[in-house]
1. From Thr245, Thr302, which residue is under 22 Å from Asp122 (Cα atoms) and modelled with pLDDT of 95 or more?
2. From the list Thr117, Thr96, Thr81, exactly one residue is open to solvent by 60 Å² or more (accessible area, probe 1.4 Å), at pLDDT 85 or above and within 21 Å of Asp197 (Cα to Cα). Which is it?
3. Suppose we keep only residues that are farther than 28 Å from Ala248 by Cβ and not polar (S, T, N, Q) within region 199-219. Which one would you say is surrounded by the fewest Cβ atoms within 10 Å (Cβ to Cβ)?
4. Give me the pairs: first residue in region 265-280 and over 21 Å from Val239 (Cβ atoms), second residue of a type in the set (Asp, Glu), beta-carbon distance under 7 Å, and six or more apart or on different chains, which are they?
5. Hey, can you tell me all the residues within region 214-245 that are assigned to a strand (DSSP E or B), closer than 23 Å to Trp275 by Cβ and over 24 Å from the mean Cα position of the chain (by Cα)?
Amino acid sequence: MRALSYFAIVLFATACDGGSYSNETPFAGKDSAEQDTDTDSDSDTDSDTDTDTDTDTDSDTDSDTDSDTDSDTDTDTDTDTDVDLCENSWYGIHYTGYHREYDIELNLLDYGGGTGTAYQEDYGTGFDLSGNKVWVMIDSADAGGTGWDGEEYIGCEDRSGNVGLYMSEWDMSIMTGGTAAAAPYAEISPPRKIFPDAVDVGGAGSWNYSDTATMIDATMGTFTADSEGTYTDDGFEEVTIKGTTYDAYKLTNTYTINLTTTMGSQVINGQQELWYVNGVGLVKERNVNTDDGSVIVNRDLTSMSGLTPI
């Protein structure tokens, strides 16, 4: 129970880091993979063969004016304007083939913890349970056989059209002793805003959230996690990681999670500090339990590919 609470914290409160899922070719940028080429076969060639060859010698008073009144105005009524996907160089989610490696320290209580490695990488695009197109990111961590591995589903606006990055679902396996201890799938309602729109970075102020993640696990059944908290835009600062200094954007998430299962409920309070670099994405995370000061997750970037600081 306590371990699942901590695992919920790692996943729900982690802004760095989703349902049917359909993997597609990842976009290199907005609209690059889906250019609405309108391949419908109606090329409006107007196959009627009326060439006005009537042989009557009158002054061509036939009523056929050939005004081409066919009702096909080719207005392309498909509604896919690709608004569910966007570019955000600070979060680094739209780059084709990106990969980030981290050193990680984590504490999952009953599942153990320690130090190890983690990574995030591109997994193309897919659709969430509501049919909205989303970015899919693999998020994986292994600290001596304890950690997680799976996908997160991130869209670019909420269901009301508010712009930003929103996590709607995730599909993860919890690992302990090198084997899967649980494999919950979660739908987050309403989707959680985890990052501001790119044009607002550095001036987004703060925003509150309140959501419920409904998790389904093959062995534990269905359970929920109610989360509420506040994200605060802390502006820009220099951060040095493994001897490399970056100009970074800092975001702080202060949160409370109430996890409810058939075994009871537990409330956890925490604070997560996140640093992002333009053109790279997440480079540093500090996530602590504010009730006792214990580490939940620490991670620091060690290498990357498919990414270049801007």
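1. Criteria check complete, one pass: Thr302.
2. The match here is Thr96.
3. Within region 199-219, the match that is surrounded by the fewest Cβ atoms within 10 Å (Cβ to Cβ) is Ala218.
4. Asn269/Asp291
5. Correct list: Glu237, Glu238, Val239, Thr240, Ile241, Thr244, Thr245.
The values are calculated or read from the model by the stated rules, or taken from the named source; none is laboratory data. Since we're looking at a predicted model, the values are computed, not measured. So basically every Cβ, Gly included, is an ideal-geometry build from the backbone, and we count neighbours across all protein chains shown. These accessible areas exclude ligands, DNA and RNA; they are computed on the full protein's heavy atoms, side chains included. Shrake-Rupley method; radii C 1.70, N 1.55, O 1.52, S 1.80 Å.
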